[in-house]
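Working notes for the structure below.
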Amino acid sequence: MSAKQGLGKMVAVLLLLLVLTALLVNSVLDQKAESTVTEPVVTSSPVFGSEMPDFGSIQDVKAKKAAFFGYMKPIVDAENQKIATDRTRIEQLSSQPALSETDKAWLTSVVKKYRLSLVDELTPQWYAALLERVDTLPVSLALAQAANESAWGTSRFAREGNNLFGQWCFSKGCGLVPTQRSEGADHEVRKFDSVAGSVAAYLLNINTHAQYADLRALRAEARREDQPVTGIYLSPGLVRYSQRGEAYVHELMAMITGNGLEKYDVALAAPASPGAG
């Protein structure tokens with residue numbers, strides 16, 4: 001073999017190695033890119049003060065979903081944690097023979113917030129009724145409803161009013177007027193200063209409004225029986241949240257299972273209510 005032929009073979013081998021290396025690098029990059037759009041990127045701390053991302057600019061569906069859940073979950077977790085903290089304090093007060101003036105003042109504010117009456121005799125049954133309202137909601141359910149009601153954060157009410165759950169208000173100027181509001185209707189879609197405010201109002205609405213008494217009863221029963229409280233389990237309690245009724249409930253369930261949100265329902269498990277059983 002001549003020196004020229006040997007050099008030619010060496011060049012050919014080097015070119016082949018370069019091609020194989022390029023193919024390997026591209027394969028690794030493709031796998032990395034795929035992983036970033038299939039799993040939600042959850043931030044380590046809530047983003048209360050941050051402006052909601054422009055989810056409408058994200059063209060890839062998987063990437064949009066991951067970004068939406070990654071943005072919303074820390075906010076839902078933080079608002080749920082506030083409720084869990086209040087619930088723990090109520091449980092502690094329920095075991096005390098007498099309350100201090102500070103505790104009475106705090107309990108009075110909580111009772112007013114959750115639309116109950118403070119009675120002279122705080123019985124175990126009264127505490128159980130209060131704790132039926134002061135309770136967390138499954139993260140999967142909150143995320144599914146937020147995505148459903150706000151079209152993945154792209155609706156006009158989400159973008160202009162930080163309203164991701166379709167909450168209404170009934171005083172002129174309290175929110176945004178729906179473009180297709182029925183003649184004679186006076187409701188507006190409420191505006192919030194932040195997404196966290198929208199989440200807090202949503203949780204309070206579910207925990208107090210008469211329309212969702214069935215959901216609260218389901219949750220309380222699960223607590224008494226020491227069963228997991230999941231979004232799938234509580235979804236039927238939202239049959240009155242939308243005019244679509246059962247179809248709406250089935251849609252929420254499909255969103256929870258289709259997006260693998262059940263894994264978020266292991267956190268913030270609250271203990272059973274006092275006096276129950």
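Values computed for the structure shown
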read-out	value
Flag if Q243 is more than 20 Å from A128 (Cβ to Cβ), in a loop (DSSP other than H, G, I, E, B) and out of contact with any Asp or Glu (no Cβ under 8 Å at 6 or more places or on another chain)	yes
Residues of region 205-251 classified as under 21 Å from V111 (Cα atoms), surrounded by 15 or more Cβ atoms within 10 Å (Cβ to Cβ) and touching a Lys or Arg at 6+ places or on another chain (Cβ under 6 Å), total	2
Region 62-78 residues that are more than 14 Å from A142 (Cα to Cα), paired with ones that are assigned to a helix (DSSP H, G or I) (beta carbon under 6 Å, 6 or more apart)	K62/V37; K62/T38; A63/V37; K64/F55; A66/V37
Residue match in region 147-158 (condition: over 23 Å from D265 (Cβ atoms), crowded, with 19+ Cβ neighbours inside 10 Å, out of contact with any Lys or Arg (no Cβ under 8 Å at 6 or more places or on another chain) and not β-branched (V, I, T))	yes
Hits in region 93-116 - residues which are loosely packed, with under 11 Cβ neighbours inside 10 Å and within 25 Å of A222 (Cα to Cα)	S95
Single match in A33, A129 (criterion: at pLDDT 95 or above and under 30 Å from E262 (Cα atoms))	A129
Failed item in (1) more than 14 Å from the chain's Cα centre (by Cα); (2) assigned to a helix (DSSP H, G or I), with P97 passing the rest	(2)
Region 150-179: number of residues that are assigned to a helix (DSSP H, G or I) and either at pLDDT 95 or above or out of contact with any helix residue (DSSP H, G or I) (no Cβ under 9 Å at 6 or more places or on another chain) (or both)	3
Boolean, A200 is over 22 Å from W152 (Cα atoms) and modelled with pLDDT of 95 or more	no
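The values are calculated or read from the model by the stated rules, or taken from the named source; none is laboratory data. Just so it is clear, the structure is predicted and the values come from calculations on it, not from any experiment. Please note: Cβ atoms are built from the backbone with ideal geometry, for glycine as well, and neighbour counts cover all protein chains shown.
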